[in-house]
Amino acid sequence: MMDRIRIVGGRPLKGTIPISGAKNATLPLMIASLLSEETLTLDNVPRLADVSLLQRILGNHGVDVTVSGKRAGETADHGQTLRLSAERIVDTTAPYELVSKMRASFWVIAPLIARMGEARVSMPGGCAIGTRPVDLLIMAVERLGARIEIDGGYVVAKAPKGLRGAEIVFPKVTVGGTHTAMMAASLANGTTVIENAAREPEIVDVAECLNKMGARISGAGTQQIVIEGVARLGGARHAVLPDRIETGTYAMAVAMAGGEIFLQNGRPHLLQAALDVLNQTGVTVSPTKEGIRVARNGAELAPVEVTTAPFPAFPTDLQAQLMALMTRARGTSRIVETVFENRFMHVQELVRLGARIHLEGERATIEGVERLKGAQVMATDLRASVSLVIAALAAEGETIVNRVYHLDRGFERVEDKLARCGAAIERLPG
Ligand code: EPU
């Protein structure tokens, strides 16, 4: 639990980094297994702490999860295969002890209410990246006909006669709200129309998987998703799409450290806005059929102005990493965070490494500096943690990143992947 990561900055990166399956597709895909009595098989599942935790949470509801070991010829670069079987749901309660550890587990409310007609799910509570309410998720299941009560910190949803299709208009784009509405509506009686739906690639991936299970979903990836409810869903097999945030993170790592990296399985269209920003900084980005090549050879980084927003705009999940990169740009950059309030915990830690950053509400102004110097740092969410790793790659001397368990929640073997490309990085077991 108390592992740390030690990095000595100043080495360029050279080689290939395999991109894992997307965490933020894997979690809702695993939750979707609750919708069917038959087995859902997921390939290309990343080895992450959040995936193991969700296995435990689903196990609590009665889902049998088996993880297949490596087959001959496979390495740790191949994702895992998970078989999830929710033949019998034994418990419709998701307790506080589990939901408070991982917000996305709140999403089990959708399959539980849709299939079982009841769900009792703890409100997730506070979170390191600011207030993150679940009012819109509750609104979605309520629109589909569930009766909702808040009791002792739990959302109690009841729909003894099943859910019915409805129009759900989200006043704000929400990824979790869209996943929840889509899953619940798949088993509702009649047609549901979701307006102002999130268009993230992970939504499209989940919709594709649900359709393989027998759902009738169209329009995923656009602002309007239409779902014709079906009476039951069956089993399916689905490979998780590559992680666009991991892809963008390593692209920024090589932009920071210099050198040339091939991001194997990275898909450019999943992160075009971020690749465009990297191009503006002067980094060379070359998409190929098998992945993305990113290089910076000696040139200085140009400053940029970026505003985070829902897909297809620049993602909030790459904001901290971009800020780390811009600490070394020649000139002043501006980053506006519009998705989450208070997603700036990395700022004070980057300042410890010598960065010059000024915060005003949702705006950060970053004045590029000539050099960063290694220090002890820590962060309280995973994207913030990895931004410190990126900064450390270009900092003089040694940086120790504490609280590595945040990194392990969302990045598979980060120290391995970077060390194989020449970074001086190692895990110090705690
Ligand atoms: N919001 C509400 N009410 C709600 C739901 C959301 O006001 O009921 C607000 C949030 O507070 C936020 C905005 O709407 O200001 C967008 O939140 P969203 O619901 O889209 O976020 P999420 O579904 O909780 C997912 C990812 C996050 C990612 C966001 C935005 C997963 C498991 N999580 O969260 O990923 O930042 O979408 O793209 O998919 C991460 O991986 O590090 C991470 C935080």
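The values are calculated or read from the model by the stated rules, or taken from the named source; none is laboratory data. No experiment lies behind these values; they were computed from the predicted model shown. For neighbour counting, all protein chains shown are included, and Cβ atoms are generated from backbone atoms with ideal geometry for every residue, glycine included. Only protein heavy atoms, including side chains, enter the accessible area calculation; ligands, DNA and RNA are left aside. Shrake-Rupley method; radii C 1.70, N 1.55, O 1.52, S 1.80 Å.
In the range 174-196, which residues are part of a loop (DSSP other than H, G, I, E, B) and within 16 Å of the ligand (Cβ to nearest atom)? Across the range 174-196, the qualifying residues are Thr174, Asn196.
Could you go through the range 339-346 and let me know if any residue there is within 19 Å of Ile400 (Cα to Cα) and open to solvent by 10 Å² or more (accessible area, probe 1.4 Å). There is at least one residue in the range 339-346 that is within 19 Å of Ile400 (Cα to Cα) and open to solvent by 10 Å² or more (accessible area, probe 1.4 Å).
Kindly check whether there is at least one residue in the range 153-173 that is open to solvent by 10 Å² or more (accessible area, probe 1.4 Å), in a helix (DSSP H, G or I) and within 30 Å of Gln224 (Cβ to Cβ). No, the range 153-173 has no match at all.
The condition of being within 16 Å of the ligand (Cβ to nearest atom) and open to solvent by 70 Å² or more (accessible area, probe 1.4 Å) holds for only one of Glu305, Glu362, that being Glu362. I'd like to know if the range 77-98 contains one or more residues that are crowded, with 23+ Cβ neighbours inside 10 Å, in contact with a strand residue (DSSP E or B) (Cβ under 9 Å, 6 or more places away or on another chain) and more than 21 Å from His238 (Cα to Cα). Within the range 77-98, one or more residues are crowded, with 23+ Cβ neighbours inside 10 Å, in contact with a strand residue (DSSP E or B) (Cβ under 9 Å, 6 or more places away or on another chain) and more than 21 Å from His238 (Cα to Cα). Just one of the listed residues (Ile261, Ile245) is away from the ligand (no atom under 16 Å from the Cβ), β-branched (Val, Ile, Thr) and crowded, with 18+ Cβ neighbours inside 10 Å, namely Ile261.
For Ala159, the conditions (1) under 30 Å from Thr191 (Cβ atoms); (2) at pLDDT below 95 are fulfilled apart from (2). Looking at Thr332, Thr399, Thr307, just one residue is in contact with a strand residue (DSSP E or B) (Cβ under 6 Å, 6 or more places away or on another chain) and under 20 Å from Ala251 (Cβ atoms), and that residue is Thr307.
Note on the range 113-152: residues that are within 15 Å of the ligand (Cβ to nearest atom), open to solvent by 20 Å² or more (accessible area, probe 1.4 Å) and over 30 Å from Met345 (Cβ atoms) total 3. Of all the residues in the range 277-302, those that are open to solvent by less than 80 Å² (accessible area, probe 1.4 Å) and either touching a helix residue (DSSP H, G or I) at 6+ places or on another chain (Cβ under 6 Å) or closer than 15 Å to Ile335 by Cβ (or both) number 10. Among the residues of the range 197-216, the one identified as part of a helix (DSSP H, G or I), within 15 Å of the ligand (Cβ to nearest atom), farther than 17 Å from Ala110 by Cβ and not aliphatic (A, V, I, L, M) is Pro201. Return a yes/no flag: does the range 181-188 have any residue that is surrounded by fewer than 20 Cβ atoms within 10 Å (Cβ to Cβ) and farther than 30 Å from Glu246 by Cβ. Within the range 181-188, none of the residues are surrounded by fewer than 20 Cβ atoms within 10 Å (Cβ to Cβ) and farther than 30 Å from Glu246 by Cβ. Considered as a group, the residues in the range 218-227 that are farther than 15 Å from Arg164 by Cα and among the β-branched types (Val, Ile, Thr) include one that is farthest from the ligand (Cβ to nearest atom), and that residue is Thr222.
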